[in-house]
Each structure stands twice: as structure tokens, then as C-alpha cells.
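Participant: Pasting a structure here, questions to come.
The values are calculated or read from the model by the stated rules, or taken from the named source; none is laboratory data. Note that the coordinates shown come from a computational prediction; the quantities given were computed from them, not determined experimentally. Note: ideal-geometry Cβ built from the backbone for every residue, glycine included; neighbour counts use all protein chains shown. Heads up: the accessible areas ignore ligands, DNA and RNA and are worked out on the full protein's heavy atoms, side chains in. Shrake-Rupley method; radii C 1.70, N 1.55, O 1.52, S 1.80 Å.
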Number of protein chains: 2
Amino acid sequence: MQTISENACFGGTQGVYTHASKVCACDMTFGLFLPQEAADGPVPLLWYLSGLTCTHENAMTKAGAQAWAAEQGIALVFPDTSPRGEVVADDEAYDLGQGAGFYVNATEAPWAAHFQMWDYVTEELTRVLDHSFALDMERQAITGHSMGGHGALTMAMSLPGRFRSVSAFAPISNPTASDWGRKQLSAYLGTNEETWAAHDATLLMREKGFDGPILIDTGTNDQFIDLLKPEALAEATAARRQQATLRMQPGYDHSYFFVSTFMEEHVAFHADALYA
Amino acid sequence: MQTISENACFGGTQGVYTHASKVCACDMTFGLFLPQEAADGPVPLLWYLSGLTCTHENAMTKAGAQAWAAEQGIALVFPDTSPRGEVVADDEAYDLGQGAGFYVNATEAPWAAHFQMWDYVTEELTRVLDHSFALDMERQAITGHSMGGHGALTMAMSLPGRFRSVSAFAPISNPTASDWGRKQLSAYLGTNEETWAAHDATLLMREKGFDGPILIDTGTNDQFIDLLKPEALAEATAARRQQATLRMQPGYDHSYFFVSTFMEEHVAFHADALYA
């Protein structure tokens, strides 16, 4: 693992690190904020999964999360959203290929060789973090924005016991029924839609739910709201009687101005679960 | 004036606007955060002047200032750092020309035709803001980062009564004695160093001082600290018995991770003066 940068930040350290990923078969870069408390021993970890077009860097510089993570003594990890590099397949569209991994393990050509983001996040990067930093992996929570909200919700429901709480900002909530989903799931997983179900938060909510609290914010002026389908997940959540807070935030859109506005409440929500 | 974008943000609105600037003879773009309170009447205004290479956008997305401005009911304006466009002179170096206006009125060719950033900020943009938004121009304060800290300090000291308080993050503090200063002042103002003195915070502190509180933070690990010369301004401030808080922040560098860490305290500092 190579240190790209480390900056003092809210009493802790905002680092950027690169490592050779076996599962993605390329170098992968991630951001990690460690609060001051990590100098004295392992701290809880909140994952932040980013959305389409993002790298590890966007949320790290624009979401304003470090202020609140420092206040709560929680680490933040910002993984990249896909494998990267000249040898890695890509597409001209912004919503397929590099920057658009969708947090699945691709099975189809040309994607399968590198696009293994589910295993990368839930297994390989998890091990890297556990081995290299002062993190208490018994206390993990997960959040994300848009495509990353989709990743956070599907991982939290698919890995019972792994995450104590899950939240999302404007998540892609029903990708098997949306153009933000059908295109990518067919490209990465093939046309057999049965393989898609494991990557749809609404279907997972119907099937499994989550053993812990859920917090989801979506802006009423979100320019992509028809692609996000919050109504499908809201219906499934209520039908399941799942412990959850789903909020429609008046006037907010899909931007980081929206994300940063509600970040304090999301971090506090996770802190409640992580320190319970 | 043209609205480029408006995003809901911490209960208020983060806008970006473009207008035809007479003094810079080109279109100029600025960011403006209006807190919720602006819907009910004029609010105080805090200027944020950015550093080398920045546009109106960097601090607007990375400094985390809106959270605290919203809490205090204060507006934030983020001007660009220079004139822009194909007709505007530029230089290959990052620290001269576009993105490096240094907050002066250029008198030398080829810069004088457009590089009039002192008048742009203190006169033209001030008028535009006053005419177009719910701002209480009797309650203004100013801050900035690096080259923008230089701009904030020189404007505050040169315009008595305009700003109730001034702060700076890692300001260029003695440009007439630094490579971050001598190069630009000679290019923009010519080789007669007497014309430079009005744009050196240390010389202005010796000459005039500021009729209000000053807060300055600089990181001890700032990679540009030898160019910033905080020691010169510290000496002049103490010699003048100027009301001021000058802090060296251990471990912090020149980045927005540093700026965002101390933003809450800077906004609170200005709020104390603006609401006094």
C-alpha cells in the first residue's frame, strides 16, 4: 500500500492510499479519514460509497463529513466507484464502465476481468483497512449517495451483522425497474434478470430487510428522482414494518449541496448505532 | 446578470451568477450563499477571497462554510480570482494571469485591460450584490485563503469602516518581500516598488492597522510557509498593539482540509462582529 497524501484535518488525518487490488486486477485508490481518537486505539468505521462519475475524491472534498466524524470519533472510508486504468474496460457513457461500477461483481465480457466492486468493497478493502489502520471492524456502518446509496443499502441487507446501521442520500432504490440499473445490470450481469435481484434495494427489502436502523433522505427537487424511485423502496419498507426513517427534503436536488446539508444528521445517526 | 445555478443548501440557497463586468471588461462569475433568513430581509455578508488557481467554485464546494454561515444567518460571496476568457491575457505559470489576479488594479500591459480585481471586488461586485440580493451592506466582513487572505487583509485595512472584521487562512502576508508577490506586483504594477506598498498586509499594518478584530490561522506544516511570511505580519501586528488573534496550527498544511477545519471558528468570529 502506498500513501498518496495525508493532510491534517479536524484534529485527525485525511489520507489517500493506493494498493494493488487482486479482485479488481488493477491499482485501487481510496480516501480514509481517521479522527484524533485513532491515535489511541481502534475507532468505529463509516463507509461512504459514492455515485456515478465519482472517484474516491469527490465526497472526501465536498461532502463536509469530516467535521462530524471528528466530533463523533468515527473513521470514514471513501472507496473509488470502479476499477481504473488503461487496461480496464470503459464506455463512452458516464453511467457505464469506469466511474460506474454499481457495486456488483460483473460476470459478462468485457467487464468481468476488473469490475468486481462488490467483493472489492465487502472483502478486499475491508481486509486492507482492518490490517493497516486503527479501526474497530466490529463497529461498522455504511452510507452512500445515489449509486452509492444503492451500494450501501444492498450491502447492508445482504450481509447481516456486518453493519450496525445504514443510511443513504438519494439512493437508486429500484434499479431493476429503472434506466439507472437495467442498463448496467444487463451489461455487468447479463440478461438473466434473476441475477439482478440481489442488487435491488426494494427487492431486498421485500425479501430480507435490515436488522438495524435505516435513514434515507431524498430531495423533492432531485433532477433524477424518476430514476431513483424512492416510492418503490418506501412502499417495501413500510410493508415490511422495517425500522426506518425516510425523508423527502423540500427543495433539495441531487448535488453535494444536498448531501452536505444533511451529513451532520447522518453521521449522528450512525454514531448512535455504533456507540450503542 | 444571469443565474448559472441555484441549489438548496443548509436551508438557504447556493447560487452561481454571471454578469458583464465593466471594470474587468469581461464576464465575471461569482458564488453567493444566502441563508434562509434572507427570505425575510437583508442579512450580513461575509466575503471569501480565494487563492491562486481558484475560481469562484473551489471554496464554495470545498471549504464547508455554508454550514456555519447558515447557523449564523450570514451570506457568503465567493468572487473569482481574476478576469477570465480568451480575450484576457494569461501566462503559462499558475501564479500569474488568469487565476492569479492578486486583488490589485493592474497598470501594466498586457494586464491593465482586464486585471482590475481591486475595483471589481470593492466597487463593482459590491454594487451588484447590493442591488440584486437581500444583503445588509452596513454589515460586511471579509476573509480569504492564501492570495485571498492577502486580498482580505489589504482591503480591510485600506477601506476603514467597510468591514467590521477580517480574518485569513494562511495569507500571503508580506508580498513585497516574497516570490509570491514580487513577481506579480512587478508584472501588474510595474517596477516602481512604491506602488506595491498599498498591497502588502505587513506594510499596511505598520502604516494603518485595522479598526476591528483580526483572526489569522496558518498551519505549521504549510508547504508554502516561507512564501507566506506570517512572521513579518505577526511582528508588525504586535508592534502596532493591533487587536488580533494570530494562530499557528500544529500539523496543518495549505489545503482546504486546513481551511475547512477552522472555518467554523472564523465564521463565528465574524458573526460576533457582524451582530455586535
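Participant: Taking accessible area as the heavy-atom solvent-accessible surface of the protein chains with a 1.4 Å probe, which residues of the stretch A:256-276 lose no less than 20 Å² upon going from the isolated chain to the full protein assembly?
Facilitator: A:257, A:260, A:261
Participant: Which pairs in the list A:22/A:183; B:183/B:208; A:62/A:229; A:22/B:62 are over 30 Å apart, alpha-carbon to alpha-carbon?
Facilitator: Listed pairs above 30 Å: A:22/B:62.
Participant: Dipole magnitude of chain B about its Cα centre, charges +1 at Lys/Arg Cβ and -1 at Asp/Glu Cβ only, in debye to the nearest 20?
Facilitator: 460
Participant: Averaged over its residues, how many other protein chain Cβ atoms are within 10 Å of peptide B:50-61's Cβ atoms?
Facilitator: 1
Participant: Leaving ligands, DNA and RNA out of it, report the carbon-plus-sulfur percent of the accessible area of the stretch B:2-274 at a 1.4 Å probe.
Facilitator: Of all accessible area on the stretch B:2-274, carbon and sulfur atoms account for 47 percent.
Participant: Starting from the Cα gyration tensor of the stretch B:178-223, take the square roots of the eigenvalues, sort them a ≥ b ≥ c, and report rounded, prolate or oblate (rounded when a/c is under 1.5, otherwise prolate if a/b is larger than b/c, else oblate).
Facilitator: It comes out oblate by the Cα gyration axes.
Participant: Can I ask one more? P(r) for chain A: what percent of alpha-carbon pairs falls in each 10 Å bin, starting at zero?
Facilitator: Reading upward from the zero bin: 7, 33, 38, 20, 2, 0.
Participant: Right, next: Which whole-number percent gives the relative contact order of the stretch B:16-110, counting Cα pairs below 8 Å spaced six or more residues apart?
Facilitator: In percent, rounded to a whole number, it is 30.
Participant: If you average 1/r over all unlike Cα pairs in the stretch A:1-148 and invert the result, what Kirkwood radius do you get in angstrom?
Facilitator: After inverting the mean inverse Cα-Cα distance, the result is 15.4 Å.
Participant: Along the Cα-to-C-beta direction of residue A:220, a point sits 7 Å from the Cα; which residues of the stretch B:130-163 have their amide N less than 15 Å from that point?
Facilitator: none
Participant: Which value at 222 nm does the protein assembly as shown reach when only helices count, each DSSP H run of 4 or more adding -39,500 (n - 2.57), with the total divided by all residues and rounded to the nearest 500 deg cm²/dmol?
Facilitator: Here the helix-only value at 222 nm equals -9000 deg cm²/dmol.
Participant: Pick from A:217, A:136, A:80 the residue whose mean-square fluctuation is largest in a GNM of chain A, springs joining Cα atoms under 10 Å.
Facilitator: Top of the fluctuation ranking is A:136.
Participant: OK, next. What number, in percent, do you get for the relative contact order of the stretch A:159-268 if the mean sequence gap of Cα pairs under 8 Å and at least 6 apart is divided by its residue count?
Facilitator: 33
Participant: While we're here: Under the Karplus relation 6.51 cos²θ - 1.76 cosθ + 1.60, θ = phi - 60°, what is the ordered set of whole-Hz ³J(HN,Hα) values for the stretch B:199-215, x standing for Gly and Pro?
Facilitator: 10, 10, 4, 5, 5, 5, 5, 5, 7, 10, x, 9, 8, x, x, 10, 10
Participant: Can you list the residues of the stretch B:3-23 that have at least 40 square angstrom less accessible area with all protein chains present than in their chain by itself, probe 1.4 Å?
Facilitator: Buried on complex formation: B:7, B:8, B:10.
Participant: Let me ask something else. If you take every DSSP beta bridge whose two residues both sit in chain A, what share of them, in percent to the nearest 5, is antiparallel?
Facilitator: Beta bridges within chain A, antiparallel portion: roughly 50 percent.
Participant: Kindly report the accessible area of the stretch B:1-86 per residue (heavy atoms of protein chains, probe 1.4 Å, no ligands, DNA or RNA), in Å².
Facilitator: Solvent-accessible surface per residue comes out at 34 Å².
Participant: A further question on this structure: Of A:170, A:97, A:12, whose Cα points farthest to the positive end of the dipole of chain A (charges on the beta-carbon: +1 Lys, Arg; -1 Asp, Glu; origin at the Cα centre)?
Facilitator: Highest projection toward the positive end goes to A:170.
Participant: Also: Return the single residue from B:11, B:219, B:148 with maximal mean-square fluctuation; model: Gaussian network over chain B, springs between Cα atoms under 10 Å.
Facilitator: B:11
Participant: Go through the stretch A:140-154 residue by residue and turn each phi into a ³J(HN,Hα) via Karplus (6.51, -1.76, 1.60, θ = phi - 60°); whole Hz please, and just put x for glycine and proline.
Facilitator: Per residue, the Karplus-derived 3J(HN,Hα) values read 10, 9, 9, 9, x, 10, 6, 4, x, x, 4, x, 4, 5, 5 Hz.
Participant: Take the alpha-carbon centre of the stretch A:31-110, take the same for the stretch B:105-138, and report the distance between them in whole Å.
Facilitator: Computed from Cα coordinates, the inter-centre distance equals 40 Å.
Participant: List every residue whose amide H lies under 5 Å from the amide H of residue B:245, counting only residues 5 or more places away in sequence or on a different chain, with H placed 1.01 Å from N in the peptide plane.
Facilitator: Long-range HN contacts for residue B:245: B:214, B:215, B:216.
Participant: A further question on this structure: Of all DSSP beta bridges located in the protein assembly as shown, what percent are antiparallel, nearest 5?
Facilitator: Bridges in the protein assembly as shown that DSSP calls antiparallel: roughly 50 percent.
Participant: Treating the beta-carbon of each Lys and Arg as +1 and of each Asp and Glu as -1, no other charges, what is the dipole magnitude of the protein assembly as shown about its Cα centre, to the nearest 20 debye?
Facilitator: Using Cβ point charges on Lys, Arg, Asp and Glu, the protein assembly as shown gives about 720 debye.
Participant: Would you mind giving the total buried accessible surface between chains A and B, with a 1.4 Å probe and ligands, DNA and RNA left out, rounded to the nearest 100 Å²?
Facilitator: Chain pair A/B: roughly 1600 Å² of buried accessible area.
Participant: Is the protein assembly as shown rounded, prolate or oblate when judged by the Cα gyration tensor, a ≥ b ≥ c being the square roots of its eigenvalues, rounded requiring a/c under 1.5 and prolate requiring a/b larger than b/c?
Facilitator: Prolate is the answer for the protein assembly as shown, as a/c is 1.5 or above and a/b outweighs b/c.
Participant: Restricting attention to the stretch B:83-148, which GluC sites (Glu not before Pro) occupy a DSSP loop and are surrounded by at most 10 other Cβ atoms within 10 Å?
Facilitator: Those satisfying the criteria are B:86, B:92.
Participant: Once you have a ≥ b ≥ c as the square roots of the Cα gyration tensor eigenvalues for the stretch A:108-218, tell me rounded if a/c is under 1.5, and otherwise prolate or oblate according to whether a/b is larger than b/c.
Facilitator: Oblate, since a/c reaches 1.5 and b/c is not below a/b.
Participant: Collect residues whose amide H, placed 1.01 Å from N in the peptide plane, falls under 5 Å from the amide H of residue B:27; neighbours closer than 5 in sequence don't count.
Facilitator: Close amide H contacts, sequence-distant or interchain: B:21.
Participant: Can I ask one more? From Cα pairs below 8 angstrom and at least 6 apart in sequence, can you work out the relative contact order of chain B, rounded to a whole percent?
Facilitator: Over chain B, the number comes to 17 percent.
Participant: I would also like to ask the following. Each residue of the stretch A:234-244 in turn: what ³J(HN,Hα) in whole Hz from Karplus with 6.51, -1.76, 1.60 and θ = phi - 60°, glycine and Pro shown as x?
Facilitator: 4, 4, 5, 5, 5, 4, 7, 6, 6, 4, 6
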